[in-house]
Amino acid sequence: MLSVAGLAMLASLCQVSYGQGRFYTTKFEDCGSLLQLAPAKTGSVKMTAPFDRRKGRHVLGKGRKVEICVEGTLPSGSQVPFPIQGLKNSAHGKIEVGALTVPLPVEFCGVQFDGCQGATPSCTAMKSGDNVKLCSSLTVPVESPDVDVEVTWKVLVDNNVANKDKCETEYDLGNLRRAGKLPLVCLHIPARVQPPRQG
């Protein structure tokens, strides 16, 4: 999944302040983030889905709430319009069968839509050059089959308040940009959806 072998993830366990669960350093591939992110092994992205070393994937338990935190720097001279009035979380998955990825995305609409809710500093206080932390959550669909999936997690700059409580069903970055929704964060995360672990 990752093109650089040095980003191979060691499933190191750590605690962060958002939420109650244990957070794990997250394996990811950047898919066009405007936010500058350090390599995966540094822990710039953490979530409460444990990493299965044998499968090389994070385990998403059906029906479970998964929290995710992303830390990075807002680059100077970026396209991000300041002040930021709204951030919207978006997630979808693509099923992977062997070496093939099924092109049709599966919606994950059980996300915390408001990306400003878990942002530090606050959205309106963010400015160029700031180090920011974005924490949110998603609920893994119960109706999903037991499958390997490439999860795409996005945090979009979206100042249209009419959209804030609606599931984002446009996944193409070009189309999102044309609609004025800029990808502050775009990550591909290797995952496995399965019944939750007990205990």
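Each reported figure results from applying straightforward, stated rules to the coordinates on display, with no laboratory input. Fair warning: this is a prediction, and the values are worked out from it, not measured in the lab. Here the Cβ positions follow ideal geometry from the backbone for every residue, glycine too, while neighbour counts run over all protein chains shown.
Worth pointing out:
- Above 31 Å, the calculated P(r) of the chain contains 13 percent of its Cα-Cα pairs.
- Candidate lysines for bridging to LYS127, where Cα separation is under 25 Å - those fewer than 8 sequence places away on the same chain excluded: LYS46, LYS88, LYS154, LYS164, LYS181
- Relative contact order, whole percent, for region 20-194 stands at 30, derived from Cα pairs under 8 Å and 6 or more residues apart.
- Region 136-199: relative contact order as a whole-number percent, Cα under 8 Å and 6+ apart: 54 percent
- Residues of type aspartates and glutamates that LYS41 reaches as a straight line, Cα spacing below 15 Å, ignoring anything fewer than 8 places off in the same chain: GLU29, ASP30, GLU71
- Counted charge near ALA91, where neighbours are those whose Cβ lies closer than 10 Å (Asp, Glu -1; Lys, Arg +1): -1
- Inter-label distance, nm, simple model (7 Å from Cα along the C-beta direction), GLN36/PHE82: 1.4 nm
- Between THR139 and ARG177, the modelled labels are 3.5 nm apart [label points 7 Å from Cα along Cα→Cβ].
- Rg/Rh, computed from the Cα trace of region 125-199 with Rh as the Kirkwood radius, has the value 1.02.
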